[in-house]
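The values are calculated or read from the model by the stated rules, or taken from the named source; none is laboratory data. Source: prediction; values computed, not measured. Heads up, the Cβs are rebuilt from the backbone with ideal geometry, glycines too, and the neighbour counts pull from every protein chain shown.
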Amino acid sequence: MIYIYILHSKSASKYYVGSSEDPFKRLEKHNTSSFNTFTSKYRPWVLVAVFKASQARGKAEQVERFIKKQKSKIVIEKLIDPSFVPTGKLAQLVRVPHVRD
């Protein structure tokens, strides 16, 4: 299963959207990688939402790109809201509930 995950940097008030087979391990890499990347500049990151996206990496990456192309903090904050029900191109997302609990 490929997951879409959303990270938040409280110190920079920024969000990051990514996809991975293991979003929890990926979070660790975002917070510890020695490479100079977007996420390395705004540490520490906290995992705020995880969604099951697809068994196929290509389909999951299409959804990830769609979210990123919106360039909208509002869209990301809606996805984070546990009462939001994804529709349209995001309808395939299934929230992994224990992340916010």
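Here are the numbers for the structure shown:
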{"item": "Lone qualifier among Gln62, Gln55, Gln70 - being surrounded by fewer than 18 Cβ atoms within 10 Å (Cβ to Cβ), under 15 Å from Val94 (Cα atoms), more than 11 Å from the chain's Cα centre (by Cα) and of a type in the set (S, T, N, Q)", "result": "Gln55"}
{"item": "So Ala60, is it modelled with pLDDT of 95 or more, in contact with a helix residue (DSSP H, G or I) (Cβ under 6 Å, 6 or more places away or on another chain) and among the hydrophobic types (A, V, I, L, M, F, W, C)", "result": "no"}
{"item": "Residue in the range 18-25 that is surrounded by 13 or more Cβ atoms within 10 Å (Cβ to Cβ), assigned to a helix (DSSP H, G or I) and hydrophobic (A, V, I, L, M, F, W, C) present", "result": "no"}
{"item": "Qualifying residue in the range 46-56 (condition: aliphatic (A, V, I, L, M), free of Cβ contacts under 8 Å to residues at least 24 places away in the same chain and touching a Leu at 6+ places or on another chain (Cβ under 9 Å))", "result": "no"}
{"item": "Total residues in the range 73-101, condition of a type in the set (D, E, K, R), modelled with pLDDT under 95 and either surrounded by 14 or more Cβ atoms within 10 Å (Cβ to Cβ) or within 11 Å of the chain's Cα centre (by Cα) (or both)", "result": "1"}
{"item": "Of residues in the range 72-93 being in contact (Cβ under 8 Å) with a residue 40 or more places away in the chain, touching a Phe, Trp or Tyr at 6+ places or on another chain (Cβ under 7 Å) and part of a helix (DSSP H, G or I), the one nearest to Phe51 (Cα to Cα)", "result": "Ile76"}
